[in-house]
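Inspection log for the structure reproduced underneath, given as structure tokens.
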Amino acid sequence: MEEIVEKKMEKLKDIKNIIFDFDGVICESQKYHLNKLNEVFNLGFTMEEYAGAHHENANEVMLVQEKWKKVDWNKYHEKIEKDFPLKKIRPEVKKTLQELGQKYNLFIISSGHNQHIIDFLKNNEVWTLFKKSLFLEDAKLKVDKFKMLENEFGVSPKDTVFITDTIGDVREARGTGYKNLIGITTGHHDEEILTSDDNKENGEVKIIHSLKELEKFL
């Protein structure tokens, strides 16, 4: 047991790049989106349904499940494009990003639409910290976004850590060879779910409960 705990606390070596998911990592937005979806469409989504859609690629799940197919996503993003960017980033998150930006190349890959996220990042004065940010408009699957960063910037699994709040993202990252994975519990999934695929072949997801805790592993 002590050996397992010690291994989970090992620092990651030779890291040059950090890729962040957005929702649930940089911005704790899941309650906002759940409430707004129910306000706009009155479909009675629960947090369990919302989090459950992120066990795989959320965009694909929402295309096939009957309840999610009733959501008009163009209408939804029109509804949030003005008020979402007014949300405030947590001061400790902003400080951590600023500190990390001095040591590492920072990137964002998100399954969300681009404009409200870009405006949020600009309004909170962190947009310029990221070398590149990729959204739904760039590619539907995060697997493809990982490849785009590799092609443009030489970002590889060997020198890169990926931080996410969903097991769906963990699975996509592993599908492109990523083993330097950190799960954060401020979003959709808890530690039990984030580490549910851990084994000798996949490796282990390291767990943090705030972005500041990244210093334990970098």
Points 7 angstrom from Cα along the Cβ direction at His209 and Glu152: gap in nanometres?
3.6 nm
How high is the relative contact order of the chain, in percent, with contacts defined as C-alpha pairs under 8 Å that are six or more residues apart?
29 percent
List the aspartates and glutamates whose Cα lies under 20 Å from the Cα of Lys145, skipping any in the same chain that are fewer than 8 positions away.
Asp21, Asp23, Glu56, Glu60, Glu137, Asp159, Asp165, Asp169, Glu172
Report the percentage of all Cα-Cα pairs in the stretch 31-84 whose separation exceeds 15 Å, rounded to a whole percent.
46 percent
With 20 Å as the cut-off, how large is the P(r) tail for the chain, expressed as percent of Cα-Cα pairs?
57 percent
Of Lys87/Lys147; Lys75/Lys142; Lys11/Lys94; Lys67/Lys132; Lys16/Lys216; Lys82/Lys216, which ones are farther than 26 Å apart at the Cα?
Lys87/Lys147; Lys67/Lys132; Lys82/Lys216
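What does DSSP give for the stretch 78-218 in terms of the percent of beta bridges that are antiparallel, rounded to the nearest 5? Present the calculation step by step, with values, prior to reporting the outcome.
Working: 1 of 11 bridges.
About 10 percent, rounded to the nearest 5.
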Reduced to Cα centres, the span from the stretch 46-116 to the stretch 139-204 in Å works out to 16 Å
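Starting from the Kirkwood Rh over alpha-carbon pairs, what translational D in µm² s⁻¹ does the stretch 68-144 have by Stokes-Einstein at 10 °C and 1.306 mPa s?
On the way: Rh = 13.7 Å.
D = 116 µm²/s.
At 0.36 nm per residue, minus the direct Cα-Cα distance, what do Val143 and Gln65 gain on full extension? Give it in nm, one decimal, please.
Values: separation 78, 0.36 × 78 = 28.08 nm, distance 2.16 nm.
Full-extension gain reported as 25.9 nm.
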Scan the chain and hand back the longest stretch that contains none of the GluC sites (Glu not before Pro) lying in DSSP loops with at most 13 other Cβ atoms within 10 Å.
138-200
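Quick note: the coordinates plus some simple rules give every number you see, no bench work behind them. From a predicted model like this one, the values you see are computed outputs, not experimental measurements. Don't worry about glycine lacking a Cβ; one is built from the backbone with ideal geometry, like all the others, and counts go over all protein chains shown.
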